[in-house]
1. Can you find a residue that is open to solvent by 60 Å² or more (accessible area, probe 1.4 Å) and aliphatic (A, V, I, L, M) anywhere in region 25-35?
2. Please state which one of LEU108, LEU91 is surrounded by 19 or more Cβ atoms within 10 Å (Cβ to Cβ), in contact with a strand residue (DSSP E or B) (Cβ under 6 Å, 6 or more places away or on another chain) and within 15 Å of ILE128 (Cβ to Cβ).
3. Give, as residue ranges, the strands (runs of 3 or more DSSP E) completely inside region 1-60 that count at least 3 residues that are in contact (Cβ under 8 Å) with a residue 24 or more places away in the chain and of a type in the set (Phe, Trp, Tyr).
4. Working only within region 39-79, note down all residues that are more than 19 Å from TRP22 (Cα to Cα), surrounded by fewer than 15 Cβ atoms within 10 Å (Cβ to Cβ) and among the aliphatic types (A, V, I, L, M).
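The values are calculated or read from the model by the stated rules, or taken from the named source; none is laboratory data. Because the structure is a prediction, the values reported are computed rather than measured. Here the Cβ positions follow ideal geometry from the backbone for every residue, glycine too, while neighbour counts run over all protein chains shown. Keep in mind that these areas ignore ligands, DNA and RNA; they rest on the heavy atoms of the full protein, side chains included. Shrake-Rupley method; radii C 1.70, N 1.55, O 1.52, S 1.80 Å.
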Amino acid sequence: MPVGMTIAEVIDKNKIASDRVWVNFLKFFIVDNLGNPVEDVRIVNNDEDVTIDGEVYSAVPFTFSKKNSTQTIGEITVGIQDQTRFIQARLQQYQGGVGFKTQVGLSLIDAGTTDGSFNSDLIETYEIVSSSATDYNVAIKLGAENPLNLLTPKRIQSKDRCSFFYKSSECGYTGA
């Protein structure tokens, strides 16, 4: 879920020098052919592994490139240095990962420390449109999520079931 930046983070972002570092991270949600979750691959563009939101992200170098055009929908290409071919193996096993949801995020961490748990500050969700791999380089094109797969409206009402949390006051629960 996207989280807004605090005023302190905005001030820290605009400093010329700081003891805190912004790192990019990616989280790929891998599912099998039936749509069942298999695993999450988490990588961070850093020299060391980092714990973000209680999950360990492996240090893997990657880059972003953005393509805008007036005739086509914009796309983001992620270039990953996959020295262990871990990501490439997942792409081969699951038809290039096309359709997998991917979170692209940004987190503010203290320089030189990776053992603490840091909160993600900005998260956007994309979908893998295509992928390719040559040698140890993986290129993944990310596009917007298919709007036909989104639930609209976000909350559905029915006469027999409350759409809020179980035993919540919104559902009229008055027990202990």
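1. Residues of region 25-35 that are open to solvent by 60 Å² or more (accessible area, probe 1.4 Å), as a first pass: 33-34.
Subsequent filtering for residues that are aliphatic (A, V, I, L, M) retains 34.
Yes, region 25-35 has at least one match.
2. Criteria check complete, one pass: LEU91.
3. It comes to 20-31.
4. Across region 39-79, the qualifying residue is only ILE73.
This table checks each residue for (1) modelled with pLDDT under 70; (2) over 19 Å from ASP40 (Cα atoms); (3) in contact with a Pro (Cβ under 6 Å, 6 or more places away or on another chain).
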residue: PHE118; (1), (2), (3): yes, no, no
residue: THR125; (1), (2), (3): no, no, no
residue: ILE128; (1), (2), (3): no, no, no
residue: SER132; (1), (2), (3): no, yes, no
residue: ILE140; (1), (2), (3): no, no, no
residue: ASN149; (1), (2), (3): yes, yes, no
residue: ILE156; (1), (2), (3): no, yes, no
residue: LYS159; (1), (2), (3): no, yes, no
residue: CYS162; (1), (2), (3): no, yes, no
